[in-house]
Amino acid sequence: MKKVSILIPFYNEQEVLPSLFERLQSLIDSNDNYQWEVMLINDGSTDNSLCLVKQMRLRDKRFRYIDLSRNFGKETAMLAGFDNVTGDCMVIMDADLQHPPEVIPQMLKLWEEGYDDIYGKRNNRGKEPWLRRKLSLLYYKLLQKTTNVSILQNVGDFRLLDRICIDALCSMRESQRYTKGMFQWIGFKKKEFTFDQDDRVAGNTKWSYIKLLNLAIEGITSYTTSPLKIATVMGLIVSLCAFIYMLFVLIKAMAVGDPVAGYPTIMVVMLFLGGVQLLSLGIIGEYVGRIFNETKNRPAYFIREIDGKKRQKVYKDEN
């Protein structure tokens, strides 16, 4: 009998977990032609979420959990799940139930047909704020034009991955991860299915605009060097404009006898050039910072507890 793992990273989701458990139990009880494993990754929650997960584990051993040593972020929490799920395939979904568990049988049917990566495309984005929705779509359009990997619009982490995809993702150990790009980069046989994204059942989103901006920067710098090329082009354009302006001033001074432009012109030119230089240095700094973090070669995460068993030692994963 094939085994299906469901991977759910969570952070401070005590309001929604009871509903999540109820719907997952209903799903797996009604599909007994598979073995099931629900892997919940606690990403440093500070509320009662972990206690609820432990109680669920006592009632139903199909529910497993990993308690990370601190909040590492969703991308790293998913990596911890990749490393520890044992199924022949894995479904990734959010704990807030915006990804409906009831469509998982549809994903499994496509998997049985031979697809390795079945990803969900949203028909709608629920009650997402207008500004956030527009910025998200703009960001994905930007990624499409600047990266050499096709980043899909309206496609998140809700997907089913075959074991061959799971192993491929486990082999990619970079510390600053952008999993949406990795899903596309590894390739394999993909299939799209559409679903209606539900609204959050309870609680509030943990993704602030600042966190979303950081994730966007991560996506851009992880899969394209276009910002560096833009900085180079801007430098060339500014240098050319400055050279043309210099010739204009000199010729005008010799032909007409007008004095060279004074203080306001100098200040405008200096501030403009300084701004371009600082922007270019900032772009370079983003890439250098990522190089610095990768050269540390630290483990991506530490685990405090798995299924009630404390980790006896801290070690570096060698995958």
Problem - For D32, D83, order by how many other beta-carbon atoms lie within 10 Å, fewest first - result: D32, D83
Practice task
Could you rank the peptides 50-61, 69-80 by their average count of other C-beta atoms within 10 Å per residue, with the highest value first?
Solution key: 69-80, 50-61
Problem - Difference of contour (0.36 nm per residue) and Cα-Cα distance, R59 to I164 - result: 34.7 nm
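When the chain is fully extended, how far beyond the present Cα-Cα distance does R70 get from D88, taking 0.36 nm per residue of separation?
Values: separation 18, 0.36 × 18 = 6.48 nm, distance 2.87 nm.
In short, 3.6 nm is gained.
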Problem - P(r) tail fraction, the range 1-69 - alpha-carbon pairs more than 19 Å apart, % - result: 28 percent
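Estimate the FRET efficiency between N48 and E113 by the formula 1/(1 + (r/R0)^6), using the beta-carbon distance for r and 30 Å for R0, to the nearest 0.05.
Values: r = 41 Å, r/R0 = 1.37.
It comes to 0.15.
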Exercise for the section: For the pairs K3/K190; K2/K109; K61/K190; K121/K180; K74/K121; K109/K191, note any where the Cα-Cα span goes beyond 23 Å. Expected result: K61/K190
Handout entry: Derived scalar couplings ³J(HN,Hα) [the range 159-175; Karplus, 6.51 cos²θ - 1.76 cosθ + 1.60; whole Hz; x for Gly, Pro]
Key = 6, 10, 10, 5, 4, 5, 6, 4, 5, 5, 5, 5, 6, 9, 9, 4, 7
Exercise for the section: List, in order, the whole-Hz ³J(HN,Hα) value for each residue of the range 38-44 obtained from phi through the Karplus relation with A = 6.51, B = -1.76, C = 1.60 and θ = phi - 60°; use x for Gly and Pro. Expected result: 9, 9, 9, 10, 7, 8, x
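Give me F302, F292, F21, F188 sorted ascending by neighbouring Cβ count inside 10 Å, so fewest comes first.
Fewest-to-most ranking of F302, F292, F21, F188: F292, F188, F302, F21.
Every number here is computed from the coordinates shown, using simple stated rules; none is lab data. This one's a predicted model, so the numbers in the text were calculated from it and none came from an experiment. For neighbour counting, all protein chains shown are included, and Cβ atoms are generated from backbone atoms with ideal geometry for every residue, glycine included.
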